[in-house]
Structure formats: structure tokens, C-alpha cells
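Trainee: One structure, pasted below without further comment.
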Amino acid sequence: MKIKFLMLIPVLLSGTVYADAIDECKDYLEKEEYSKALPHCLDACSMNDGLGCALSGNFYYSGQYERQDYGKVITYWEKACSLNHGGACFGLGILYQDGQGAGQDYSQANTYYEKACSLNYSGGCLNLGNSYFNGQGVKQDYSKAITYYGKACSLSDGAGCHGLGISYYHGKGIKQDYSQATSFFEKSCSLNYGTGCFNLGMSYAKGQGVRQDDIQAKNYYEKACILNDSSGCLNLGGSYYDGKGVKQDYIQANTFFEKACSLNDGKGCLNLGISYAKGQGVRQDDIQAKIYYEKACSLNNGGGCLNLGSLYYNGKGVTQDYVRANTFFEKACNLKNGAGCSNMGNSYRNGKGVKHNQTTAKEYFRKACDYGSQKGCDNYRELNEQGS
């Protein structure tokens with residue numbers, strides 16, 4: 001099994017013995033002879049070779065040859081970082097951000113990201129930009145976020161270019177400019193960052209910063225999907241479902257909804273469930289619909305929970321069970337799905353799976369109305385007029 005070695009960045013070598021150690025380390029890694037590689041990597045590190053220290057830490061990070069040991073990872077990466085290995089500094093930032101091997105500390109993570117960025121390691125610039133954009137471990141500052149996204153982008157980091165695009169799109173730290181946003185989404189996409197391709201597709205779909213063009217939108221969704229961006233697969237499926245930029249084709253639509261679902265996109269699972277429920281592009285099958293609604297709901301998609309509840313309420317593909325139905329309507333409501341709240345209101349009003357309670361029904365209808373359900377608003381008004 002291959003060990004996933006991180007941050008393999010060449011460094012300048014000096015001295016014959018020094019060079020021999022790191023060269024032997026890399027040669028054995030190329031041959032996947034890990035037991036022979038580690039001693040040479042450690043030797044290189046002992047001679048203050050930053051790459052040797054970084055690779056030594058990788059052995060203990062992967063846990064695929066040596067037992068995973070974050071303490072040793074931190075020891076070796078700290079030395080590598082002190083020797084100006086940008087990848088090791090970035091790795092330390094990730095450890096502190098995620099709380100691996102040390103207490104979670106966003107401020108410390110940002111310190112390492114900053115050093116990584118100063119060493120022209122694009123991931124450090126990107127993550128520091130994210131920290132300033134979200135106010136994580138630092139005071140929120142969109143202008144600084146743009147600075148770091150800009151440096152990441154200049155280092156050919158597609159995610160950094162995407163960050164600039166998002167900043168221009170929303171006018172965060174800079175004047176809103178859809179044309180500039182689209183330009184950076186395009187650069188991001190050219191660097192094979194899937195989300196950049198997806199947002200470029202959205203720009204063409206909406207005609208924001210570019211002339212509206214469903215065919216171009218479909219093309220960029222397609223590239224995003226190839227790059228395993230779940231939203232790209234979802235929207236590509238939508239293009240085929242609606243016949244936008246392409247001939248309507250439910251079978252193709254379902255192919256892309258299925259990929260989105262496999263990438264844990266809840267709406268992709270929901271749409272595939274709906275296709276099975278309606279028999280669009282597939283043979284009608286309530287049991288298969290249930291399977292996809294279940295996955296959608298487990299991914300916290302309110303529509304998936306709503307439709308799963310409806311199957312139990314109506315006994316489609318499952319034994320009718322009002323109690324179970326309400327469990328899923330309740331979850332849908334908690335996910336701010338107005339129809340889920342409205343259905344819970346109806347259950348309490350009619351005593352289906354719960355004890356009849358007009359006051360509780362009214363509260364659910366109020367929530368449903370707040371979440372955009374017209375039926376919820378109508379029922380809430382009706383109960384008010386009845387004095388319930």
C-alpha cells in the first residue's frame with residue numbers, strides 16, 4: 001500500500017553526505033521501500049535537511065508504515081518548519097486547526113499558515129485568507145483575506161483564485177463586481193478547482209458578469225462534476241432534467257444526480273429519490289425512493305426528511321407508520337423546511353401519531369409560515385381565527 005507522503009517539496013542541498021542521505025531517502029520512497037527509506041530520511045533530518053524532517057514526519061502522520069504518532073509528527077514538522085520548509089509549516093497549521101496531536105488553537109494555526117505563505121507555499125496563503133474571511137483565530141478582515149487569496153492565486157492555487165472570485169461576487173472587502181468575480185472563477189477553473197468551475201457555470205446560468213448562456217453553464221458544470229465537485233454534478237443533472245443548454249434527458253439527469261449523491265450531496269440524493277418516486281428516467285420504485293430519501297435525510301437535507309416522512313405517512317414502499325412519519329417531519333422542520341413544520345402541525349391538529357394538541361399545532365404552523373410555507377401561513381391564520 002502506498003504511503004500518502006505530504007508536501008514533497010525539493011530543497012537546495014549542500015554537502016556530499018547531506019545530499020546522499022536525502023537522495024537515498026527519496027530514492028527508496030520512489031521504489032516504495034519504506035522500511036529502507038525512513039532511516040535515511042531521519043539521517044537527513046539530523047543533518048538539518050528540512051525536506052528530510054518533513055518526510056520523517058510524514059511517516060508518523062500517515063500511520064501506514066510506522067504507528068501514527070502526532071507527537072513525533074509535530075517534532076519533525078516543527079524542525080522542518082524552522083528550516084523553512086513551507087509544506088511542514090502548513091501541515092502544522094492543519095494539525096492545530098483540527099486539534100490533532102495538540103489542543104485546537106486557531107491562532108497558532110494561523111501563525112504557521114503565515115510562515116508557510118511567506119515561504120510561498122500556496123496552501124498557507126489560502127488558509128490564512130480563509131481565517132481572515134471567517135474570523136477564525138483572527139479578527140474578521142475581508143481586505144486581508146483578499147490579500148492572501150491574491151497571493152495564493154498568484155502561486156497558481158485554484159482555491160485562492162476562487163476565494164478572490166467569491167470576494168468580488170459578494171462585495172466582501174472590495175466593491176462588488178460580477179465581471180471580476182467571473183474572471184477569477186475562470187482562472188480557478190483553468191487550474192482545475194472544481195468549485196471554481198461550478199461558480200463559473202452559475203455565472204453563465206444567471207448572466208452575472210457574462211452574457212447568459214445555458215450551454216456554457218452546462219459545460220462548466222460538466223467540468224466541475226468531472227473534478228468531483230458535487231454541486232457541479234447536481235446542476236449538470238438539473239440541466240438535463242430541465243433541458244437547459246442540452247436536450248432534456250431524465251436518464252442522464254439521474255446519472256449525475258447519482259454521482260452528486262455518491263459525493264454526499266443531499267439534494268442529489270433527494271432528486272434521485274424523486275425520480276424513482278415519479279418513475280422519471282427509471283422504473284417507478286417507492287422502495288428505491290425511500291433508500292435515497294434516507295440518505296438525503298442523513299445528510300441533513302430537509303426535503304429528503306420531508307419525503308421520507310411522507311412515505312411513512314402514506315404507507316408507500318413501507319408499512320404505514322404515523323409515529324415514524326412524524327420523526328422525519330420533525331427533523332425536516334428542525335432543518336427549516338416549512339413543509340415539514342406544516343406536516344407536524346397537521347399531525348398535532350389531527351392526532352396522527354401524536355396526541356391531539358391545537359396549541360402545539362399552531363406553533364408548528366407558525367414555524368412553517370416563517371420558513372416560507374404558504375399552507376403553514378394559511379393554517380396558522382385559520383387557527384387564530386378559531387381562537388385556538
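Trainee: R381: net charge of surrounding residues, Cβ under 12 Å, Lys/Arg +1, Asp/Glu -1, itself excluded? Intermediate results must be reported in sequence, preceding the final value.
Mentor: Numbers: positive: K362, R366, K375; negative: D378, E382, E385.
Result for the neighbourhood of R381: 0.
Trainee: Next up: Rounded to the nearest 500 deg cm²/dmol, what is the calculated helix-only ellipticity per residue at 222 nm for the chain, with -39500 (n - 2.57) per DSSP H run of length n ≥ 4? Spell out each step's value before the answer.
Mentor: Working: 21 runs with 275 residues, N = 388.
One gets -22500 deg cm²/dmol as the mean residue ellipticity at 222 nm.
Trainee: While we're here: Return the single residue from M47, M202, M344 with maximal mean-square fluctuation; model: Gaussian network over the chain, springs between Cα atoms under 10 Å.
Mentor: Evaluated over the chain, the most mobile residue of the options is M47.
Trainee: For a quick check of your reading of the filter: which trypsin sites (Lys or Arg not before Pro) in segment 321-357 sit in a DSSP loop and have no more than 10 other Cβ atoms within 10 Å?
Mentor: K355
Trainee: Determine by what factor the alpha-carbon radius of gyration of segment 330-388 differs from 2.2 N^0.38 Å, reporting the quotient.
Mentor: Here the Cα radius of gyration is 0.97 times the empirical estimate.
Trainee: Tell me the label only: which of [x] 24, 52, 22, 2; [y] 24, 44, 28, 4, 0; [z] 22, 41, 31, 5, 0 is P(r) over Cα pairs in 20 Å bins from 0, in percent as calculated from this structure?
Mentor: Evaluating P(r) over Cα pairs in 20 Å bins from 0, in percent on these atoms matches [z].
Trainee: Can you work out ³J(HN,Hα) from phi for every residue in segment 192-203, in order, using Karplus 6.51 cos²θ - 1.76 cosθ + 1.60 and θ = phi - 60°, giving whole Hz and x for Gly and Pro?
Mentor: The phi angles translate into 6, 9, x, 5, x, 5, 4, 5, 5, x, 4, 4 Hz.
Trainee: Shifting gears a bit: Indicate the gyration tensor shape class of segment 142-209 (rounded, prolate or oblate), computed on the Cα atoms with a ≥ b ≥ c the square roots of the eigenvalues: a/c under 1.5 is rounded; otherwise a/b larger than b/c is prolate and the rest oblate.
Mentor: Numbers: a/c = 2.44, a/b = 1.13, b/c = 2.16.
Oblate.
Trainee: Continuing with this model, one more query. In degrees from 0 to 90, rounded to the nearest 10, what is the angle of the helix 338-350 Cα long axis to the longest principal axis of the chain?
Mentor: 40
Trainee: Ignoring ligands, DNA and RNA, please state the percent of accessible area on the chain from carbon and sulfur, probe 1.4 Å.
Mentor: Values: 8380 of 18490 Å².
The computed percentage sits at 45.
Trainee: Which whole-number value in Å² is the accessible area per residue of segment 112-229, probe 1.4 Å?
Mentor: Details: 5310 Å² over 118 residues.
Solvent-accessible surface per residue comes out at 45 Å².
Trainee: Same structure again: Just the accessible area per residue of segment 270-336, please: how many Å² with a 1.4 Å probe? Working shown, then result.
Mentor: Numbers: 3170 Å² over 67 residues.
I get 47 Å² per residue for this part.
Trainee: Going Cα to Cα from K72, which aspartates and glutamates come in below 16 Å? Please leave out same-chain ones fewer than 8 positions away.
Mentor: Correct list for K72: D43.
Trainee: So if I average 1/r over every pair of distinct C-alpha atoms in segment 211-267 and take the inverse, what Kirkwood radius in Å does that give? If you can, show how the numbers build up before the last one.
Mentor: Numbers: mean 1/r = 0.0933 Å⁻¹.
After inverting the pairwise mean of 1/r, the radius is 10.7 Å.
Trainee: Which pairs, out of K267/K290; K267/K331; K259/K316, put more than 18 Å between their alpha-carbon atoms? Mind dumping the intermediate values first?
Mentor: Values: K267/K290 14 Å; K267/K331 16 Å; K259/K316 26 Å.
Going by Cα-Cα distance, K259/K316 fall outside the 18 Å limit.
Trainee: Treating the angle as unsigned and between 0 and 90°, give the value, to the nearest 10°, between the Cα long axis of helix 122-134 and the longest Cα principal axis of the chain.
Mentor: Here the helix axis deviates by roughly 40 degrees.
Trainee: Quick one: what do you get for segment 182-230 if you divide its Cα Rg by 2.2 N^0.38 Å? Could the numbers behind the result be given before it?
Mentor: On the way: Rg = 9.3 Å, N = 49, 2.2 N^0.38 = 9.7 Å.
Here the answer is 0.96, to two decimals.
Trainee: For segment 158-236, what is the number of Lys pairs with C-alpha distance below 25 angstrom, counting only pairs 8 or more positions apart or on separate chains?
Mentor: Lysine pairs meeting the criterion: 9.
Trainee: Pairing the Cα long axis of helix 374-386 with the longest principal axis of the chain, what angle in degrees results, from 0 to 90 and rounded to the nearest 10?
Mentor: Between helix and principal axis, roughly 50 degrees.
The values are calculated or read from the model by the stated rules, or taken from the named source; none is laboratory data. Note that the coordinates shown come from a computational prediction; the quantities given were computed from them, not determined experimentally. So basically every Cβ, Gly included, is an ideal-geometry build from the backbone, and we count neighbours across all protein chains shown. Quick note on the areas: whole protein, heavy atoms, side chains included, nothing else; ligands and nucleic acids left out. Shrake-Rupley method; radii C 1.70, N 1.55, O 1.52, S 1.80 Å.
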